[in-house]
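Take a look at the structure set out below.
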């Protein structure tokens, strides 16, 4: 496996980057929940590169692999009228094609 | 924004029955069936495709059907998609078992 690593594209985002979850049409099997779409969060971990679940779901090999990130959101950014602590957060694993570095809402293009 | 039938995070739902119960024999058999079909020896389909098949339920079916019932119907659909069994073969076998049991 190691000899192939040099051909693996590097991740587009790094820990600490601010990202926006794209809006748009869910795929065959979609792992990005509606409640986070259009919300802005911070990358807390680059988890690794995994087979594309929406292609695996269609009996395909799931290639190319996708970078997966752990993203932290402020609960007060996720829910309107959130009345809990301002320090409350939610962390979700989100694949790279669902994320954008832009602030405006974008449509997903897998 | 399109919401899939399974994606209910943040919606107001009905009361959740939090009572625990032991898994029934029926549920254990469906669990075993899935583990064997997706395990390294058989690899009939992926868990991702099981999720996709479950997400294809209509909203009515999704709420009406039980958890393991959705698994079972998805397993059936995927075995047919992968041409491991045909709907006719499955239906014939169900009939045979019904006859044997005197239904």
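The values are calculated or read from the model by the stated rules, or taken from the named source; none is laboratory data. Keep in mind the model is a prediction, meaning the values are calculated, not measured. A quick note on method: Cβ atoms are made from the backbone with ideal geometry, for glycine too, and the neighbour counts reach across all protein chains shown.
Being in contact with a helix residue (DSSP H, G or I) (Cβ under 8 Å, 6 or more places away or on another chain), modelled with pLDDT under 95 and part of a loop (DSSP other than H, G, I, E, B) narrows it down to one residue among A:109, A:10, A:54; which is it?
From the options A:109, A:10, A:54, the qualifying one is A:109.
Give the number of residues within region B:1-28 that are under 15 Å from residue B:68 (Cα atoms) and either loosely packed, with under 12 Cβ neighbours inside 10 Å or within 14 Å of chain A (Cβ to nearest Cβ) (or both).
6
Residue-by-condition table, conditions (1) touching a strand residue (DSSP E or B) at 6+ places or on another chain (Cβ under 6 Å); (2) closer than 27 Å to residue B:5 by Cα; (3) in a loop (DSSP other than H, G, I, E, B):
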{"residue": "B:45", "(1), (2), (3)": "no, yes, yes"}
{"residue": "B:54", "(1), (2), (3)": "no, yes, no"}
{"residue": "B:62", "(1), (2), (3)": "no, yes, no"}
{"residue": "B:68", "(1), (2), (3)": "no, yes, no"}
{"residue": "B:71", "(1), (2), (3)": "no, yes, no"}
{"residue": "B:76", "(1), (2), (3)": "no, yes, no"}
{"residue": "B:84", "(1), (2), (3)": "no, no, yes"}
{"residue": "B:88", "(1), (2), (3)": "no, no, no"}
{"residue": "B:97", "(1), (2), (3)": "no, no, no"}
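Residue check: is residue B:14 at pLDDT below 95, more than 12 Å from the chain's Cα centre (by Cα), closer than 30 Å to residue A:82 by Cα and in a helix (DSSP H, G or I)?
When the stated conditions are applied, residue B:14 does not pass them.
Which one of these is closer than 19 Å to residue B:57 by Cα and either in a strand (DSSP E or B) or more than 8 Å from chain B (Cβ to nearest Cβ) (or both): A:45, A:27?
Of the residues listed, the single one that is closer than 19 Å to residue B:57 by Cα and either in a strand (DSSP E or B) or more than 8 Å from chain B (Cβ to nearest Cβ) (or both) is A:27.
For the subset of region B:32-62 comprising residues that are in contact (Cβ under 8 Å) with a residue 40 or more places away in the chain and farther than 29 Å from residue A:78 by Cα, which member is nearest to the other protein chains (Cβ to nearest Cβ)?
Per the criteria, the residue is B:44.
Of all residues in region A:7-38, which are more than 11 Å from the chain's Cα centre (by Cα) and more than 27 Å from residue B:49 (Cα to Cα)?
Those that are more than 11 Å from the chain's Cα centre (by Cα) and more than 27 Å from residue B:49 (Cα to Cα): A:7, A:10, A:12, A:14, A:15, A:16, A:17, A:18.
Select from region A:67-91 the residues that are buried (at least 19 other Cβ atoms within 10 Å of the Cβ) and either at pLDDT below 95 or closer than 14 Å to residue A:20 by Cα (or both) and list them in ascending order.
Of everything in region A:67-91, those that are buried (at least 19 other Cβ atoms within 10 Å of the Cβ) and either at pLDDT below 95 or closer than 14 Å to residue A:20 by Cα (or both) turn out to be A:69, A:71, A:73, A:78.
Would you mind telling me which numbered condition in (1) closer than 21 Å to residue B:3 by Cβ; (2) within 8 Å of chain B (Cβ to nearest Cβ) residue A:77 fails?
Condition (2) is where residue A:77 drops out.
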